[in-house]
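Worksheet for the structure shown next.
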Amino acid sequence: MSLLEAIRSALSAIGANALRSALTMLGIIIGVAAVIAMVAIGAGARERVTGQIKSLGANLAIIQSGNVTQGGVRLGAGASSTLTDEDAAAILKEVEDVTAAAPVLVTRAQAVYAGANWSTQITATDLDFFAAREWEIGAGRLFEPEELRKGEIVAVIGQTVARNLFGEEDPLDQQFRIRNVPFKVIGVMAPKGQSALGQDQDDVIFVPLDTGRRRIVGRNYARDRSVQSIMVKFASEEAITPGIAEVSALLRQRHRLMEDQEDDFIVRNLTEIANTATAAATTLSWLLAAVAAVSLLVGGIGIMNIMLVSVTERTREIGLRLAVGARQSAVLTQFLIEATTLATIGGAVGVGLGIAAALTIAHVAGWPSVISVQTILIAVGVSGLIGVFFGFYPARRAARLDPIEALRRE
């Protein structure tokens, strides 16, 4: 029997018991559909997490005020600001492979324009912040060096602030108030979207560092020229770890810390956090696929069961074929092809249902899904291998039947 004849025979046998074949394929269909859908959703989640983390900027570290001890009492992280904009300037100048070092002050305040108002985050910083975050201007312009030096009362706003404060009106060159201080809008940032923690990154107003210290945040920061944090961007991912060590040594020297004293600052490696989050999302997607793959195992057992029934029902046919000269290998191949065909058809149907399920979930729940050709090919291939694996025992049993005993069966 040729391969084409074996396939025709397999399709004929499947068609002769259409309902039974459909029920047998159900386990494979559900398994493949579940694997396709879960892998697509897992890949979509991984891409969303990666995109949100990358929106913070690449190769970043954030330096924050650390523990402070007064009179033997440890006040905890951030209790007192120990960082200054001079620290940021020194890091940029003295640490190799640092391409930007932005001093940052953050607070929340109410912005008011005409009859509208909006509570938002106010970030006082300099031009290095936008370079570190890789954040482009959408309309207008960023601060000029002279405006930063003089502490001019100007602002660059995010898309969310522009929409809620100015509506359809063009915000450029408009004036609004923050704590009764009139600010002029000179630019609107390009959209950034949500952060990895779900925070709207476009809900922000940027003002020059000195302006924020004197006019919004408070006099204590202005008197000490202190800042809450410093955002540091390195030239490459490989430069981050040695660069952080250099930054720590420089800040300890500048803050005159003795060897037995703890750091009065905390350095957080955002790239390391990003890699950890991506790895966690990848692990989750594989876990979902593994759980869904259990259905494939159940489907394979169903194929083995129905093929054993088929061998029993067709014992006389097998005996007749063997009696007229058919080789055992031909009988083995016929039943293997029948089991594989059954599994492959189920896999193909499962792929269609899996893609439909992934797209439906993405549409209804707003959850991203990424369907790859590689996943589809693997799912169909695995379903075929399941047919071979679970169909081998029934096929081998059919091939080893004694023709005389088989012909005696009713």
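Summary of values
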read-out	value
Residue-averaged [θ]222 nm for the chain, counting only DSSP H segments that reach four residues, each worth -39500 (n - 2.57)	-18500 deg cm²/dmol
Rel. contact order, % - alpha carbon contacts under 8 angstrom, at least six apart, the chain	30 percent
Student exercise, the chain dipole from Lys, Arg, Asp, Glu Cβ charges, in Debye to nearest 20	1540 debye
The range 84-196: relative contact order as a whole-number percent, Cα under 8 Å and 6+ apart	26 percent
GNM result for the chain, Cα springs below 10 Å: residue of VAL161, VAL217, VAL373 fluctuating most strongly	VAL373
The chain: most fluctuating residue of ALA102, ALA330, ALA379 per GNM, C-alpha cutoff 10 Å	ALA330
Gain upon complete extension [ASP402, LEU377; 0.36 nm per residue less C-alpha separation]	5.0 nm
Residues with amide H under 5 Å from that of ALA109, placed H, sequence gap 5 or more	THR120, ILE122
The chain: most fluctuating residue of ALA116, ALA88, ALA395 per GNM, C-alpha cutoff 10 Å	ALA116
Most positive-pole-ward Cα, PHE176, PHE130, ALA162, against dipole of the range 118-221 from beta carbon charges	PHE176
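Each reported figure results from applying straightforward, stated rules to the coordinates on display, with no laboratory input. Remember, it's a predicted structure, so these values are computed and weren't measured experimentally. All Cβ positions, even for glycine, are placed from backbone atoms using ideal geometry, and neighbour counts span all protein chains on display.
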